1. What number of residues within region 22-35 satisfy the criterion of being surrounded by 13 or more Cβ atoms within 10 Å (Cβ to Cβ) and farther than 17 Å from Met8 by Cα?
2. What are the residue pairs meeting all of these: first residue in region 56-76, first residue modelled with pLDDT under 70, second residue β-branched (Val, Ile, Thr) and not in a loop (DSSP other than H, G, I, E, B), Cβ atoms under 7 Å, and 6 or more apart or on different chains?
3. What single numbered condition from (1) of a type in the set (S, T, N, Q); (2) in contact with a Lys or Arg (Cβ under 7 Å, 6 or more places away or on another chain); (3) modelled with pLDDT under 75 fails to hold for Ser28?
4. Pick from region 36-55 the residues that are of a type outside the set (Gly, Ala, Ser) and part of a loop (DSSP other than H, G, I, E, B): which of them is surrounded by the fewest Cβ atoms within 10 Å (Cβ to Cβ)?
Amino acid sequence: MANKPIAMSNLKTLIRLHIESASKSKISRSTGLSRNTVKTYLQKLESLPLSPADFLALQEHDFYQLLQQTLASRFF
């Protein structure tokens, strides 16, 4: 479904695989997201103030709150 936010578990998996240098195709297969969605989330992630590893270290509530504050967009 278009413009539907992805589950937090998928987002964390996407970030973890990105840190491990997985390709967009591999991330797509592992999360069930389209390659374009993976690409979009990775682009948004690069614009955030913390590194991907720092995001994974956050508690889920803090992780979600920071995403909401930083990216008031339809992707998060």
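1. First, the residues of region 22-35 that are surrounded by 13 or more Cβ atoms within 10 Å (Cβ to Cβ): 22, 24, 26-31, 33, 35.
Those left that are additionally farther than 17 Å from Met8 by Cα: 22, 24, 26, 35.
Of the residues in that region, 4 qualify.
2. From residues that are modelled with pLDDT under 70, the pairs are Phe75/Thr40.
3. (3)
4. Step one: filter region 36-55 for residues of a type outside the set (Gly, Ala, Ser), giving 36-46, 48-50, 52, 54-55.
Of the ones still in play, those that are also part of a loop (DSSP other than H, G, I, E, B) are 48-50.
Values: Leu48: 15, Pro49: 9, Leu50: 14.
Only one residue tops the list, namely Pro49.
The values are calculated or read from the model by the stated rules, or taken from the named source; none is laboratory data. Everything numeric in this text was worked out from a predicted model, so none of it was measured. In this analysis, Cβ positions are derived from the backbone assuming ideal geometry, glycine residues included, and neighbour counts consider all displayed protein chains.
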